[in-house]
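Trainee: Please find one structure pasted underneath; my questions will follow.
The values are calculated or read from the model by the stated rules, or taken from the named source; none is laboratory data. Everything quoted here is computed from the prediction, not taken from an experiment. Cβ sites come from the backbone with ideal geometry, for glycine too, and all protein chains shown count toward neighbours.
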C-alpha cells in the first residue's frame with residue numbers, strides 16, 4: 001500500500017503538470033483573435049500569415065497531450081490498485097478520481113485539438129473564397145479596359161491591356177501558389193483528422209480552381225491584344241523608316257530633306273491609320289514623335305524659307321525688268337509653291353503676301369499681253385505655221401526686190417501672194433507679231449502713201465483707248481502699238497504713247513519721284529520702329545506689316561520695308577504650326593472617311609467635335625473640311 005500511495009502521489013503530480021500544459025494551450029487557443037478574412041487573404045498572399053501554423057501546432061500539441069492523458073488513464077499501477085482488497089476502498093475512490101480526471105483532460109484536449117485544425121482549414125477556405133472574390137473584381141476591372149464594341153470610335157489600348165493581363169496573371173499565380181502552400185500545411189495535422197483535412201483541402205482546391213479559371217479566361221483576350229499590337233507595330237515600323245531618315249537629316253542640318261521625309265512619314269501615317277488605331281498607345285506615340293519633329297523642323301527652317309522666298313522674288317524682278325516674263329513667272333511660281341508647301345506643312349492658311357501679289361500681277365499682265373505674239377514650239381501646228389511664215393518671208397523678199405527693179409506687176413503679185421499666205425497664219429494666230437509686222441511691211445512696199453495714211457488713222461484710234469481698263473480692247477491696242485513702234489520707232493508721239501500705255505497697263509513700273517522715295521523711306525522707318533516695339537504682339541506686328549507694304553507700294557525697292565516684312569515672317573511663322581492631338585487627328589480622319597462615304601451628317605458631327613477646341617479651328621485642313629461639309633449641307 002505504501003508503494004501504491006507513492007505511485008498515486010507521483011501520478012497526481014505528473015497529472016497536474018499535464019493539466020497545466022493542456023489548459024495553457026486551450027487558453028492560448030481561446031484567447032487568439034484571428035484577423036478579418038480580407039486581411040487573412042492578404043497575409044497569405046504576402047507570405048506573412050502565421051495563424052495557420054499556429055492553429056496546426058496547437059492542434060498537434062493538444063492531440064499529443066490528449067494521448068498523454070489517455071496513457072496515464074491506463075497506467076499499470078492503476079490496475080494494481082484496483083486489484084487490492086475491498087478493505088482498500090479509499091484507494092479505489094482515489095484511483096477513480098484520478099482516471100476520471102485523465103479522461104476529462106484527454107477529452108478536452110482532443111476537442112480543442114479538433115477545433116484548432118478545423119479553424120486552420122476554415123480560415124483557408126474563407127481566404128480562398130475571398131481571393132476568388134478579389135480576383136473576380138480585378139478581372140472585371142480588366143474587362144473595363146476593353147473598348148465598347150458598339151462604339152466604332154472607341155480607343156483601343158492592347159499594349160496597356162496586355163500589361164494589365166500580365167499583372168493580373170502574376171497576381172492570380174501568386175494567389176494560387178500561396179493558397180496551395182497553406183493548404184498543404186494542413187496535411188501536417190493529426191492523422192485522426194485526416195478525413196476533415198481532406199474535405200477542407202478539397203474546398204480550398206475548389207477556390208484554387210475558380211481562381212485559375214479567371215486567368216484562363218484572359219488567354220484569348222491576350223492573344224487578340226498581341227495580334228492588334230503586332231499590326232499596329234508593323235504600321236509604326238513602316239512610318240519610322242521615313243521618320244528616322246527625317247530625324248537624321250534634321251540632325252545633319254538638311255531641313256529640306258528632313259521635311260520631305262517627314263511628309264512621307266505623315267502620309268504613311270494617314271494611310272495606315274486604320275492599323276495604327278488597333279493600338280491607340282502606339283498611334284499616339286507615333287503621332288507625337290512626328291509632330292514634335294515637325295515643330296523642330298519648322299523652327300529651324302523658317303529663317304531659311306524666308307531667305308529662299310526673297311531670292312525667288314529678287315530673281316523674278318530681275319527677269320521682269322529684263323523683259324524675260326516667262327522666267328519671271330517661273331520664279332514667282334517657285335515662291336508661291338514654296339509658300340503653299342510651307343502652309344500645308346504647318347497646316348495653316350498663310351496670310352497674303354502683298355509684295356508677291358503685286359509682282360505677280362505685273363508679270364501676269366505682261367504675259368497676257370505677250371500671249372499669242374510668238375509661235376509656241378510645243379504647239380502641234382508649229383511646224384505648219386512656221387513653214388507658212390518662212391514662205392511668206394521668201395515671197396516678201398522676192399516681191400520687194402522685183403519692185404526695186406521696176407517690175408511692179410510681178411512684185412505686187414509676189415507680195416499679194418505673201419500676204420494671202422500670212423492670212424492663213426493670222427486666222428489661227430491673229431496676234432502673231434512676226435506675221436503682223438511682215439503684213440505691214442508688205443503694205444508699206446506695195447503702196448507707201450496708203451500705208452502712211454492707214455498708219456496715222458490707226459495710231460489716232462489707239463490714242464483714244466483707255467489702257468487703264470486692262471481689258472481685251474486695251475491689250476489688243478497695246479499689241480498694235482508695239483507693232484507700229486517696231487515699223488516706225490521714230491514716228492512723232494508714238495514712243496510716248498507706248499510708254500504711257502505700258503504705265504497704264506501696269507507692265508512698266510511708274511518712275512519713282514523723290515517725294516515718293518522720301519515718303520516710302522519715312523513709312524518704312526515707321527514700320528521698322530513699330531517692329532522693334534512689337535516683339536511677338538500680333539496687333540503691333542500687323543501694323544508694322546501694313547506700314548511696310550504701304551512703303552513698298554510707293555517704292556517696291558525700299559530695302560528697309562523688305563527687311564521688315566522678312567523679319568515679320570520670321571516672328572510669326574515658327575510658332576504658327578497647328579498640331580492636332582492624336583485623338584483629334586483620328587477624329588479628323590474619321591470625318592474625312594465619313595464624308596467620302598457620303599455620310600455628311602456623321603461627318604458634320606465629327607467636325608463639330610473638332611471645332612470645340614479653339615486651336616483646331618486654326619487648322620487649315622479642318623477649315624477646308626468645314627467648307628466642304630457646309631457646302632454639302634446647304
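Trainee: Scanning for something touching a helix residue (DSSP H, G or I) at 6+ places or on another chain (Cβ under 8 Å), modelled with pLDDT of 90 or more and either assigned to a helix (DSSP H, G or I) or over 30 Å from residue 276 (Cα atoms) (or both), does the stretch 141-162 turn up at least one residue?
Mentor: no
Trainee: Now, a different point. Can you tell me which residues in the stretch 490-510 are more than 53 Å from the chain's Cα centre (by Cα) and within 26 Å of residue 318 (Cβ to Cβ)? Write out each step before concluding.
Mentor: First, pick out the residues of the stretch 490-510 that are more than 53 Å from the chain's Cα centre (by Cα): 490-501.
Of everything in the stretch 490-510, those that are more than 53 Å from the chain's Cα centre (by Cα) and within 26 Å of residue 318 (Cβ to Cβ) turn out to be 495, 498, 499, 500, 501.
Trainee: May I ask you to list the residues in the stretch 362-385 that are more than 20 Å from residue 311 (Cβ to Cβ) and surrounded by 14 or more Cβ atoms within 10 Å (Cβ to Cβ)? Don't jump to the end; show me each part of the working.
Mentor: Of the stretch 362-385, the ones more than 20 Å from residue 311 (Cβ to Cβ) are 364-385.
364, 365, 366, 367, 368, 369, 370, 372, 373, 375, 385, listed by residue number.
Condition check ((1) assigned to a helix (DSSP H, G or I); (2) surrounded by 21 or more Cβ atoms within 10 Å (Cβ to Cβ)) across all residues:
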{"residue": "239", "(1), (2)": "yes, yes"}
{"residue": "244", "(1), (2)": "yes, no"}
{"residue": "247", "(1), (2)": "yes, no"}
{"residue": "250", "(1), (2)": "yes, no"}
{"residue": "253", "(1), (2)": "no, no"}
{"residue": "260", "(1), (2)": "yes, no"}
{"residue": "263", "(1), (2)": "yes, no"}
{"residue": "269", "(1), (2)": "yes, yes"}
{"residue": "275", "(1), (2)": "yes, no"}
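Trainee: If residue 498 satisfies all but one of (1) crowded, with 17+ Cβ neighbours inside 10 Å; (2) modelled with pLDDT of 90 or more; (3) over 30 Å from residue 550 (Cα atoms), what's the number of the condition it fails?
Mentor: (3)
Trainee: Taking interchain pairs and intrachain pairs at least six residues apart, which have beta carbon atoms under 6 angstrom, with the first residue in the stretch 71-83 and part of a helix (DSSP H, G or I) and the second surrounded by 12 or more Cβ atoms within 10 Å (Cβ to Cβ) and at pLDDT 65 or above?
Mentor: What qualifies is 72/102; 73/99; 73/102; 73/103; 78/95; 81/95.
Trainee: Here are the criteria: (1) within 28 Å of residue 509 (Cβ to Cβ); (2) in a helix (DSSP H, G or I); (3) touching a helix residue (DSSP H, G or I) at 6+ places or on another chain (Cβ under 7 Å); (4) free of Cβ contacts under 8 Å to residues at least 24 places away in the same chain. Tell me which single one residue 417 does not satisfy.
Mentor: For residue 417, the exception is condition (1).
Trainee: Further question: Is it true that some residue in the stretch 364-379 is in contact with a helix residue (DSSP H, G or I) (Cβ under 8 Å, 6 or more places away or on another chain), over 24 Å from residue 323 (Cα atoms) and assigned to a loop (DSSP other than H, G, I, E, B)? Before you say what the answer is, go through the steps one by one.
Mentor: So the first thing to find is which residues in the stretch 364-379 are in contact with a helix residue (DSSP H, G or I) (Cβ under 8 Å, 6 or more places away or on another chain), and the list is 364-370, 373-376, 379.
Narrowing the set further to residues that are over 24 Å from residue 323 (Cα atoms) leaves none.
Taking every residue of the stretch 364-379 in turn, none turns out to be in contact with a helix residue (DSSP H, G or I) (Cβ under 8 Å, 6 or more places away or on another chain), over 24 Å from residue 323 (Cα atoms) and assigned to a loop (DSSP other than H, G, I, E, B).
One line per residue, one yes/no per condition, for (1) outside any helix (DSSP H, G or I); (2) under 35 Å from the mean Cα position of the chain (by Cα); (3) under 21 Å from residue 475 (Cβ atoms):
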site	(1), (2), (3)
297	no, yes, no
310	no, yes, no
343	no, yes, no
352	yes, yes, no
397	no, no, no
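Trainee: Consider only pairs whose beta carbons are under 6 Å apart and that are at least six residues apart or on different chains; among these, list those whose first residue lies in the stretch 182-201 and is surrounded by 13 or more Cβ atoms within 10 Å (Cβ to Cβ) and whose second residue is not in a helix (DSSP H, G or I).
Mentor: That search, which allows pairs on different chains as well, returns 197/189.
Trainee: Within the stretch 599-624, count every residue that is under 24 Å from residue 275 (Cβ atoms) and more than 18 Å from the chain's Cα centre (by Cα).
Mentor: 3
Trainee: Among the candidates 78, 56, 44, single out the residue that is within 30 Å of residue 180 (Cα to Cα), more than 60 Å from the chain's Cα centre (by Cα) and either buried (at least 16 other Cβ atoms within 10 Å of the Cβ) or modelled with pLDDT of 90 or more (or both).
Mentor: On the way: 78 fails: within 30 Å of residue 180 (Cα to Cα); 44 fails: more than 60 Å from the chain's Cα centre (by Cα).
Among 78, 56, 44, only 56 is within 30 Å of residue 180 (Cα to Cα), more than 60 Å from the chain's Cα centre (by Cα) and either buried (at least 16 other Cβ atoms within 10 Å of the Cβ) or modelled with pLDDT of 90 or more (or both).
Trainee: Among the numbered criteria (1) buried (at least 16 other Cβ atoms within 10 Å of the Cβ); (2) touching a residue at least 40 places away in the same chain (Cβ under 8 Å), which single criterion is violated by residue 336?
Mentor: (2) is the only condition that residue 336 fails.
Trainee: Then there's this: Test residue 553 against the stated conditions and say whether it is in a helix (DSSP H, G or I), surrounded by fewer than 19 Cβ atoms within 10 Å (Cβ to Cβ), more than 17 Å from the chain's Cα centre (by Cα) and touching a residue at least 40 places away in the same chain (Cβ under 8 Å).
Mentor: On the way: in a helix (DSSP H, G or I): yes; surrounded by fewer than 19 Cβ atoms within 10 Å (Cβ to Cβ): yes; more than 17 Å from the chain's Cα centre (by Cα): yes; touching a residue at least 40 places away in the same chain (Cβ under 8 Å): yes.
Judged against the criteria, residue 553 is a match.
Trainee: So for the stretch 11-29 (the condition being modelled with pLDDT of 90 or more and closer than 30 Å to residue 133 by Cα), does at least one residue qualify?
Mentor: Yes, that holds for at least one residue.
Trainee: Looking at (1) without any contact (Cβ under 8 Å) to a residue 40 or more places away in the chain; (2) closer than 27 Å to residue 445 by Cβ; (3) surrounded by 16 or more Cβ atoms within 10 Å (Cβ to Cβ), find the lone condition where residue 403 falls short.
Mentor: Just one mismatch for residue 403, condition (1).
Trainee: Give the residues of the stretch 586-620 that are at pLDDT below 85, within 28 Å of residue 351 (Cα to Cα), out of contact with any helix residue (DSSP H, G or I) (no Cβ under 6 Å at 6 or more places or on another chain) and assigned to a helix (DSSP H, G or I), sorted by residue number.
Mentor: Of everything in the stretch 586-620, those that are at pLDDT below 85, within 28 Å of residue 351 (Cα to Cα), out of contact with any helix residue (DSSP H, G or I) (no Cβ under 6 Å at 6 or more places or on another chain) and assigned to a helix (DSSP H, G or I) turn out to be 586, 618, 620.
Trainee: On to the next question. On the given criteria, is residue 317 in a helix (DSSP H, G or I), over 30 Å from the mean Cα position of the chain (by Cα) and under 28 Å from residue 544 (Cβ atoms)? Lay out the reasoning, then the answer.
Mentor: Numbers: in a helix (DSSP H, G or I): yes; over 30 Å from the mean Cα position of the chain (by Cα): yes; under 28 Å from residue 544 (Cβ atoms): yes.
It is true that residue 317 is in a helix (DSSP H, G or I), over 30 Å from the mean Cα position of the chain (by Cα) and under 28 Å from residue 544 (Cβ atoms).
Trainee: Moving to a separate point now. Residue 570 is checked against (1) modelled with pLDDT under 85; (2) part of a helix (DSSP H, G or I); (3) within 23 Å of the chain's Cα centre (by Cα); (4) surrounded by fewer than 19 Cβ atoms within 10 Å (Cβ to Cβ) and fails just one. What number does that condition carry?
Mentor: (3)
Trainee: Right, something else. Which of the following residues is out of contact with any strand residue (DSSP E or B) (no Cβ under 9 Å at 6 or more places or on another chain), farther than 30 Å from residue 370 by Cβ and touching a residue at least 60 places away in the same chain (Cβ under 8 Å): 543, 533, 585, 519? Give the derivation first.
Mentor: Working: 543 fails: touching a residue at least 60 places away in the same chain (Cβ under 8 Å); 533 fails: touching a residue at least 60 places away in the same chain (Cβ under 8 Å); 519 fails: touching a residue at least 60 places away in the same chain (Cβ under 8 Å).
Selected residue: 585, the only one of 543, 533, 585, 519 that is out of contact with any strand residue (DSSP E or B) (no Cβ under 9 Å at 6 or more places or on another chain), farther than 30 Å from residue 370 by Cβ and touching a residue at least 60 places away in the same chain (Cβ under 8 Å).
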